[in-house]
Amino acid sequence: MSIWRISGGNRLNGDIRIQGAKNAVLPIIAASIVTSCETELINCPRLSDVEAAMCILRHLGCIAERDGDTLYIDSRGMSATDIPHELMREMRSSVIFLGAILARAHSAQLYYPGGCELGARPIDLHLDALRALGAQISDSGGKLECSDSGLKGTRINLSFPSVGATENIMLAACAASGETVITNAAREPEIVDLQDYLRKLGVCVFGAGTPTISISGFNPVQVVGHRVMTDRIAAATMLCCTAATGGKVRLLSVEPAHFETISEALEYMGCQIERGSTEITISSNGILRAPKPVVTKPYPGFPTDAQPLLMAACLKADGTAVFTENIFENRYRHAVELRKLGSDISVVGRVAMVTGVPKLIAAPVTATDLRGGAALVVAALAAEGETQLYDVGHIVRGYERLDEHLRALGGDIHYKC
Ligand code: EPZ
């Protein structure tokens, strides 16, 4: 069990280059097998989730190698269509490979990813959509047996704009005859990045970023290069750290529009934010007021992934902040841990009320999940004393060298030997 020792009170100052987006690189890694091709992916973060996806590629018979922040994937030798249970358990979003394996091989065997800390995480929307495209899917004992005798394009309306389901449909539709139209599709920027990669691969796909996406043909190319977009949630995390500690930090190679909802909230709370085309600078004196009510929604609404992060920045803010979590049914587990630092948080159903306290006091806390763990880092940086943060494995799943970046900005955070 890895532990971080975080001593609060230091202001953060300096520049940081934000990592490539975890939630963009994972579906693009899956997309690299929809046809026999070689892919070079630039700006890929070193994350355990990315390593898990590369293990799946190798299990399927592909070559997957890393050289710094560049991944080289050769899917020409793909020879398997199954994902073993132990690899599915490593990363529940491996379900994104289902559409890609079907598109390539018309047969796929994998396991229900199962729930996680955030909730049940069902995949009914994924499976219903793939069946609508003509896939036969049976499940017994948690194992999914999938096959098709030729996928056929169709119109698919999602009852909820699921990010993963939208991505799975886009990948399976690459092999479908005729046009596939997704309505009420997810509009996240990571979907647009996936579309950009698929277009380079020779897929005729339009509409990503809007509620309607069309896929209508595929003239495969053999070699593709792509630069992965920047991680908007990693950017939001650094903004919330700086807001909470005070200081002045410039984020480099970002797309400010992708996390404008967080920037706006922090400005309302009392931070100064300067937006450039590929960078953003936040200045804070650490004295904040509570934001307007925060309601999580599918993009372009306030992202659920940033809810724990902004909550942590509110813990010493003047007034009461009200959060409503509409995306996941169990995304307040970090509140229990934040209370151990002396915060005043009450949770009733999907609503959390955070009333600012004069100070936070260091205490042993445990990361409950990826973004909940990052929220504990934000809070510990603003607490008095040394916080011991346990189970940082949750955090390194999605943040590349977060401790090193924070130390470079003046944060006192170290692994406990
Ligand atoms: C993606 O998860 C992200 N993960 C999540 O980021 C993010 O929180 C989420 O989208 C929402 O933005 C990756 O991209 C790898 P969904 P995903 O399908 O695709 C319900 C992080 O911290 N649902 O949009 O799983 C589901 O239960 C992670 O980086 C169904 O009911 O999200 C949830 O309540 C956490 N049936 C809601 O939709 C389905 O078939 C949103 O899920 C699928 C989803």
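The values are calculated or read from the model by the stated rules, or taken from the named source; none is laboratory data. Only a predicted model underlies this, so the values are computations on that prediction, with no experimental measurement involved. Cβ coordinates were reconstructed from backbone atoms using ideal geometry, including for glycine residues, and neighbour counts include every protein chain displayed. Surface areas here come from the heavy atoms of the whole protein model, side chains and all, with no ligands, DNA or RNA. Shrake-Rupley method; radii C 1.70, N 1.55, O 1.52, S 1.80 Å.
Here the accessible area of region 22-227 is 49 percent carbon and sulfur, with a 1.4 angstrom probe and all protein chains present.
Label positions at S277 and V322, each projected 7 Å from the Cα along the C-beta direction, are separated by 4.1 nm.
Each eigenvalue of the Cα gyration tensor of region 347-417, multiplied by 5 and square-rooted, gives one semi-axis; in descending order these are 21, 16, 11 Å. Per residue, the solvent-accessible area of region 22-227 (1.4 Å probe, heavy atoms of protein chains only, all protein chains present) comes to 37 Å².
The average projected area of the chain, computed from the convex hull of its Cα atoms over all directions, is 18.2 nm². Set the Cα radius of gyration of region 85-157 against 2.2 N^0.38 Å, with N its number of residues, and you get 1.09.
With each label modelled as a point 7 angstrom along the Cα→C-beta vector, the A257-E86 pair spans 4.6 nm. For region 22-227, the Cβ-based charge dipole about the Cα centre amounts to some 320 debye (Lys, Arg positive; Asp, Glu negative; other atoms uncharged). Charged neighbours of N23, selected by a Cβ distance under 15 Å, balance to -4 (K, R count +1; D, E count -1).
The antiparallel fraction among DSSP beta bridges confined to region 22-227 stands at about 75%. Maximal additional length on extending the R350-V223 stretch stands at 41.1 nm, based on 0.36 nm per residue less the C-alpha distance. Mind giving me the FRET efficiency for I361 and S2? R0 is 25 Å, r the Cβ-Cβ distance, nearest 0.05 is fine. Calculated transfer efficiency: 0.60. Counting only the Cα atoms, region 185-318 fills a convex hull of 97 Å³ per residue. The overall shape of region 22-227, judged from the alpha-carbon gyration tensor, is rounded, with an a/c ratio under 1.5.
Extension gain for the segment I42 to D124, taken as residue separation times 0.36 nm less the Cα-Cα distance, is 26.2 nm to one decimal.
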